[in-house]
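Undergrad: Below are the structure tokens for one structure; questions will follow.
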Amino acid sequence: MTVARGTPGSPPAANPQSFPLLGSDEPPPREVLRGDSLAPQLVICDHASARIPRALNQLGLPPEHRRSHIALDLGAGDLARALGERLNATTVLCNYSRLVVDCNRAISDASAFLEVSDGIPVPGNMRMSEEQKAQRVAAIHRPYHAAVRREQDRLLGIVEAPALISVHSFTRLLQGEDRRWDCGVLWDLDARIAAPLLDGLRSSGELLVGDNEPYSGRHKEDYSVDHHAEERRFPCAAVEVRQDLLGAPAAVERMADRLHAVLRPILDDPQLYTLRP
């Protein structure tokens with residue numbers, strides 16, 4: 001979910017202001033599934049894709065880095081899709097790599113445009129101009145978050161406060177640190193989903209579940225849950241799953257089943273869908 005910010009390097013080979021960032025034949029910045037669902041929950045995934053706009057020349061990265069954890073949350077998009085399907089909930093996924101612009105960061109945050117990620121230089125992000133950053137924000141960051149807000153506002157016709165579930169994954173090894181958790185639940189101001197979710201995931205004794213580990217929901221750089229749920233006093237939680245537990249389709253399905261089994265009774269409580277006091 002979070003990777004180390006970097007240091008300056010050489011400038012990108014081309015100025016992306018000289019051409020549109022997304023070609024007419026490229027996917028839109030966000031994917032919305034079950035946009036007509038009346039389920040009062042919204043599942044989101046900020047880091048669902050490793051796709052890089054063609055105009056950015058792969059950000060100067062070789063294939064092995066473009067497919068790695070620095071480019072996306074491996075398995076998280078598939079997990080979000082599977083969980084959303086089980087909940088019959090509207091699901092919104094970002095269609096482009098967080099190396100282009102990190103949709104779980106405010107645009108004012110330097111880590112929205114990483115120059116170095118987990119020790120890997122990102123040449124296409126070196127010494128970007130404000131205009132280049134603004135182009136990426138306009139093409140990807142803003143439309144993705146507009147889609148999340150639009151679906152939330154639609155659900156306000158059903159409940160006072162729709163629930164938000166954010167799905168991420170994490171690499172076991174980051175900058176030499178071994179993060180031993182199988183999964184984690186991230187939260188800050190509202191424990192209405194997080195507390196019973198932690199208890200439920202731990203109850204079998206089969207998973208090592210972190211409470212605000214390996215990342216904290218109180219981290220000042222995190223954006224999506226804070227902006228779309230905590231600021232609006234909506235019930236919310238973020239889920240982190242270790243990436244090697246999502247390495248095959250069957251593993252994704254098993255984890256989706258686990259999460260759904262615990263979340264379903266939490267989300268079935270009509271008292272949940274009220275504004276946080």
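Just so it is clear, none of the values below were taken in a lab; they were calculated from the coordinates. No experiment lies behind these values; they were computed from the predicted model shown. Note that we place each Cβ from the backbone using ideal geometry, even for glycine, and neighbour counts take in every protein chain shown.
Undergrad: How about the stretch 217-243: which of its residues are surrounded by 16 or more Cβ atoms within 10 Å (Cβ to Cβ) and either acidic (Asp, Glu) or part of a helix (DSSP H, G or I) (or both)?
TA: GLU221, ASP222, SER224, VAL225, ASP226, HIS228, ALA229, GLU230, GLU240, GLN243
Undergrad: Inspect the stretch 113-136 for any residue being in contact (Cβ under 8 Å) with a residue 40 or more places away in the chain, within 29 Å of ARG258 (Cβ to Cβ) and touching a Ser or Thr at 6+ places or on another chain (Cβ under 7 Å) and give the result as yes or no.
TA: No, the stretch 113-136 contains no residue that is in contact (Cβ under 8 Å) with a residue 40 or more places away in the chain, within 29 Å of ARG258 (Cβ to Cβ) and touching a Ser or Thr at 6+ places or on another chain (Cβ under 7 Å).
Undergrad: Here's a follow-up. Within the stretch 112-131, which residues are closer than 19 Å to ARG66 by Cβ and among the polar types (S, T, N, Q)?
TA: Those that are closer than 19 Å to ARG66 by Cβ and among the polar types (S, T, N, Q): SER117, ASN125.
Undergrad: Are any residues in the stretch 118-135 surrounded by fewer than 24 Cβ atoms within 10 Å (Cβ to Cβ) and closer than 19 Å to HIS47 by Cβ, and if so, which ones?
TA: Selection gives ASP118, GLY119, ILE120, VAL122, GLY124, LYS133.
Undergrad: Would you point out which residue out of ARG67, ARG81, ARG34 is under 17 Å from PRO162 (Cα atoms) and not hydrophobic (A, V, I, L, M, F, W, C)?
TA: The unique qualifying residue is ARG34.
Undergrad: Further question on the same structure: Quick one: how many residues across the stretch 33-65 are in contact with a helix residue (DSSP H, G or I) (Cβ under 8 Å, 6 or more places away or on another chain) and assigned to a helix (DSSP H, G or I)?
TA: Residues in the stretch 33-65 being in contact with a helix residue (DSSP H, G or I) (Cβ under 8 Å, 6 or more places away or on another chain) and assigned to a helix (DSSP H, G or I): 6 in total.
Undergrad: Is there any pair linking a residue in the stretch 195-223 that is touching a residue at least 12 places away in the same chain (Cβ under 8 Å) to one that is among the acidic types (Asp, Glu), with Cβ under 6 Å and at least six apart or on different chains, and which?
TA: LEU198/ASP211; LEU207/ASP182; LEU208/ASP182; GLY217/ASP188; ARG218/ASP188; GLU221/ASP109
Undergrad: Since ALA82 meets every condition but one in (1) among the small types (Gly, Ala, Ser); (2) outside any loop (DSSP other than H, G, I, E, B); (3) without any contact (Cβ under 8 Å) to a residue 60 or more places away in the chain, which condition does it not meet?
TA: With respect to (1) among the small types (Gly, Ala, Ser); (2) outside any loop (DSSP other than H, G, I, E, B); (3) without any contact (Cβ under 8 Å) to a residue 60 or more places away in the chain, ALA82 is out only on (3).
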